[in-house]
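Below is one structure, written out as structure tokens; comments come after it.
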Amino acid sequence: MGNKLNLDQTKIDGARQAAGKIADQLHTWINDYTTTTIERAVARLLGVDGVDRFGVPLPNVLVDKLHQAGLLDRGFAPWLARTILDTGKTVQEIADAAGKGELDVQGISDFPDAQWIEVADQMAMAAASRICSRRDERTRLMDQAMPMKKPLLYVIVATGNIYEDAVQAKAAALQGADVIAVIRHTGQSLLDYVPFGPTTEGYGGTYATQENFRIVREALDQAGTQSGRYIQLVNYCSGLCMPEIAAMGACERLDMMLNDSMYGVLFRDINMRRTFIDQHFSRMINAYAGIVINTGEDNYLTTSDAFDKGYTVLASQFINEQLALRSGLPEEQIGLGHAFEIDPKMEDGLLMEIAQAQLSREIFPRSPLKYMPPTKHVTGDIFHTYLVNGMFNLTSILTGQEIQLLGMLTEASHTPYLQDRYLSIANARYIFNNARHIGKELIFREEGRIQERAQQILNQACAMLLEIEKIGLEESLARGMFADIKRSHDGGKGKEGVVARHSAYYNPFPAIFLCGFVPKEGRAIECKLI
Amino acid sequence: MQIDLTRIKAYGDTMDDGAMQLSFTLPVPPGEEAREAARQMALQMGLDTPSVVEMADLGVGFSFFVVYGKCRHYVDYTAIKIPKRQLHVMTFKEINSAIKEHLGRKVTVVAACTGSDAHTVGIDAIVNMKGYAGEYGLERYPEIDAYNLGSQVPNAELLTKAVACHADAVLVSQVVTQRNIHLENLTELVELAEAEGIRDKMIFICGGPRISHELAIELGFDAGFGSGTLPNHVASFIVNELIRRQKAGPE
């Protein structure tokens, strides 16, 4: 895509360096803690599943018991490994016993470290190997399928009923969508557990459960076989259970996850410490599973003005990138987000959108950029919205975006009807095809409006990042520097689930995930916990 | 041209031609039978000489139609009566001075997005300091104490807070309207307030993209605000209503 904006590379390098330092500051303490949901994710990866007779998920039952007994600071894996050695039971038998209240978590005998670590590591390797096989399966299916044209057409389904979602998802795939997101029930982000089994009731979306993931995956694989394509599945790795949802997604071969480092803090008022600790482990899982994450910068523009605060999007993209890299995600799996949200009444607004989109493209050349459609300034005038969505699609093809969340003409009115999705796909296909190589043909006038705007945003983002580097990311969130929302250091939900690690804490997964280690029988873990 | 307001019809390009456009999906694959089904659907809806101008395959056995027709129905415009909010919209300055002058104390407002709804866009636009479209939010008003409780607030919690800080007005935002969840939430709030005996002690206002003043009144609120509402609209209503109630004396 070259340098069409005449950007100063030293500024880009400076911004990236500042973002790196901001991420490093968080990493001075992130590894001193664990959280209840991280340990539940470990439990899930190690094979704990199901619910007790009250419907409480067994990962919660076990982790809560350890937490109450003051044992969680050592981690779930050591306890499970010792219990297996002590009782000779399987993971599921142990979980079921705990669910029935027949297990005293404190009454487990101790074993030499080397002995239980070997058990824990073996189980973790087996789990990693299962994730690898899902990843290999994806690679194989993608290789067999028709090559995908970018931008990928991304649509959402949101019926609240997983079986209805599966029908709609399949229909959307057959209509030409490449990527389908099942929108989540609005309340789930604040649940400190992941619901179990298939669900048919949800408002604004459907609960993310492992069974629901499986149902839609199956439907999309069928649609893929029918159309000779590979259809990607997306869900939400956000809220109070980020790592657990990552673990579920890794097992059910999701392809993308909405997974932002700050979204929970800003838009769901989740405790910042909890969020930063959770996002790190969840992203390690996503990295290892080959899942492309989508970051949530577009959300800033729903509360802040897209023109005035365009630079906050760029600054956040830098920070999200640096944090993601530290969790082992390669650039190709970091789908940085941004949005087409400038007021359509603005003179030259389209030029400003092009500048911002091209800027993201040039600064993050390997990122599969996720571009979000207009939502804030669209009304019930579906005809106008359809036209604005066309401008959004044109900007995308011109600037080389990769994941295009299609705008719906009924955005301001209701969740999409079957026909709305059809019309949005028709709109995108027409423009993407009709203007396929426009980006290669058009250059921007030197010192023209587009170049000037892009350079301005870069300068503002640099200044913001230097400021954040000075005060720290937490303080910048407290001051409302993103999305005009202020969050206090110790406020927010979920902080009671943050646990300082004991010196004997052990979690076998980071070493496997962060080293990108592909487990083969008989090979030892080569790099130790970071 | 004289228009008979007791019998108005849809207009395309000739008075009383009844022209209408509509689009819909039928759960059958496209074909001549599907086209005829769409035509008959339009006829039954009261559209004469319906013309199916577009039929498209939505896959999985569904077809999409664009249909034009001449609607035979008419409406008596003169017989329509809509309850309207008597709203004298004041500016930021006028509101603050009206509070000082007529009430002589600060006005307390408690706001939240209730139920499972996590969309705070609406309530933030009205309450947060920054406001919306250049109009300051209620938090910025020196004469108003505004508390924004955020999203996913249970109705009971909202009322507890309202009682604790002697709120003059309670603002509720509902954005998610899937399967009319907002109606359940809003009705529950009013019922709870009545059970607590505080319904008449405070002004209850709801807002959201699918909420009209008429709907709000029907649900038992004092006022409802839809899309395009600015913070000063809401503040004007609250202050005018408080002044009116003060004049009317204790109930």
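Things worth noting here:
- Of all the residues in segment A:179-232, those that are closer than 20 Å to A:Arg253 by Cα and in a helix (DSSP H, G or I) number 18.
- Residue within segment A:248-255 that is assigned to a loop (DSSP other than H, G, I, E, B), more than 18 Å from the chain's Cα centre (by Cα) and not β-branched (Val, Ile, Thr) present: no
- Selected residue (criterion: surrounded by the most Cβ atoms within 10 Å (Cβ to Cβ)) from residues of segment A:200-229 that are of a type in the set (S, T, N, Q) and within 14 Å of chain B (Cβ to nearest Cβ): A:Thr206
- Residue list for segment B:17-37, restricted to those being outside any strand (DSSP E or B), away from every other protein chain (no Cβ under 14 Å) and either among the β-branched types (Val, Ile, Thr) or in contact (Cβ under 8 Å) with a residue 40 or more places away in the chain (or both): B:Asp17, B:Gly18
- Taking the criterion of being over 30 Å from the mean Cα position of the chain (by Cα) and touching a residue at least 24 places away in the same chain (Cβ under 8 Å), the residues of segment A:417-446 that qualify are A:Ala435, A:Ile438, A:Leu442, A:Ile443, A:Phe444, A:Glu446.
- Restricting attention to segment B:38-92 and to residues that are in contact (Cβ under 8 Å) with a residue 40 or more places away in the chain and closer than 30 Å to A:Ala169 by Cβ, the residue that is surrounded by the fewest Cβ atoms within 10 Å (Cβ to Cβ) turns out to be B:Val66.
- Only one entry of B:Ser116, B:Ser173 meets the criterion of being touching a His at 6+ places or on another chain (Cβ under 9 Å), at pLDDT 85 or above and polar (S, T, N, Q), and that entry is B:Ser173.
- Hey, B:Gly131 within 11 Å of chain A (Cβ to nearest Cβ), in contact with a helix residue (DSSP H, G or I) (Cβ under 6 Å, 6 or more places away or on another chain) and buried (at least 23 other Cβ atoms within 10 Å of the Cβ) or not: no
- Residue check for A:Asn3: within 23 Å of the chain's Cα centre (by Cα), of a type in the set (S, T, N, Q) and farther than 30 Å from A:Ile471 by Cα: no
- Options B:Glu184, B:Glu188; residue that is among the acidic types (Asp, Glu), modelled with pLDDT under 90 and open to solvent by 30 Å² or more (accessible area, probe 1.4 Å): B:Glu184
- Complete set of residues in segment A:95-141 that are of a type in the set (Phe, Trp, Tyr) and either open to solvent by 30 Å² or more (accessible area, probe 1.4 Å) or not in a helix (DSSP H, G or I) (or both): A:Phe111
- Extreme residue, nearest to A:Ala461 (Cα to Cα), among residues of segment A:310-334 that are over 13 Å from the mean Cα position of the chain (by Cα) and open to solvent by 10 Å² or more (accessible area, probe 1.4 Å): A:Tyr311
- Positions within segment B:119-147 being closer than 24 Å to A:Arg184 by Cβ and without any contact (Cβ under 8 Å) to a residue 40 or more places away in the chain, in sequence order: B:Asp124
- Complete set of residues in segment A:159-186 that are open to solvent by less than 10 Å² (accessible area, probe 1.4 Å) and at the interface with chain B (Cβ under 10 Å from one of its Cβ atoms): A:Gly160, A:Ala171, A:Ala172, A:Ala173, A:Gly176
- Of all residues in segment A:161-182, those satisfying the criterion of being in contact with a Ser or Thr (Cβ under 7 Å, 6 or more places away or on another chain) and within 29 Å of A:Thr35 (Cβ to Cβ) are A:Ile162, A:Val182.
- Test: residue in segment B:163-175 that is under 20 Å from A:Gly492 (Cβ atoms) and surrounded by fewer than 20 Cβ atoms within 10 Å (Cβ to Cβ): no
- Flag if A:Met352 is open to solvent by 10 Å² or more (accessible area, probe 1.4 Å) and either over 23 Å from A:Asn286 (Cα atoms) or modelled with pLDDT under 95 (or both): yes
- Hits in segment A:408-450 - residues which are open to solvent by 100 Å² or more (accessible area, probe 1.4 Å) and in a loop (DSSP other than H, G, I, E, B): A:Tyr417, A:His437, A:Ile443, A:Arg445, A:Glu446, A:Glu447
- For segment B:195-216, residues that are open to solvent by 70 Å² or more (accessible area, probe 1.4 Å) and in contact (Cβ under 8 Å) with a residue 24 or more places away in the chain total 4.
- Segment B:207-251, subset under 12 Å from the mean Cα position of the chain (by Cα) and on the phi > 0 side of the Ramachandran plot, residue nearest to the other protein chains (Cβ to nearest Cβ): B:Gly228
- Selection count, segment A:451-483, where residues are assigned to a loop (DSSP other than H, G, I, E, B), in contact with a Lys or Arg (Cβ under 8 Å, 6 or more places away or on another chain) and open to solvent by 40 Å² or more (accessible area, probe 1.4 Å): 1
- When A:Val63, A:Val42 are screened for being more than 21 Å from A:Leu325 (Cα to Cα), surrounded by 24 or more Cβ atoms within 10 Å (Cβ to Cβ) and more than 23 Å from the chain's Cα centre (by Cα), only A:Val63 passes.
The values are calculated or read from the model by the stated rules, or taken from the named source; none is laboratory data. What you are looking at is a predicted structure, and each value in this text was computed from that prediction instead of being measured. No Cβ is skipped: glycine too gets one built from the backbone with ideal geometry, and neighbour counts run over all protein chains shown. When the accessible area is computed, the model is the full protein with side chains, heavy atoms only, and any ligands, DNA or RNA have been set aside. Shrake-Rupley method; radii C 1.70, N 1.55, O 1.52, S 1.80 Å.
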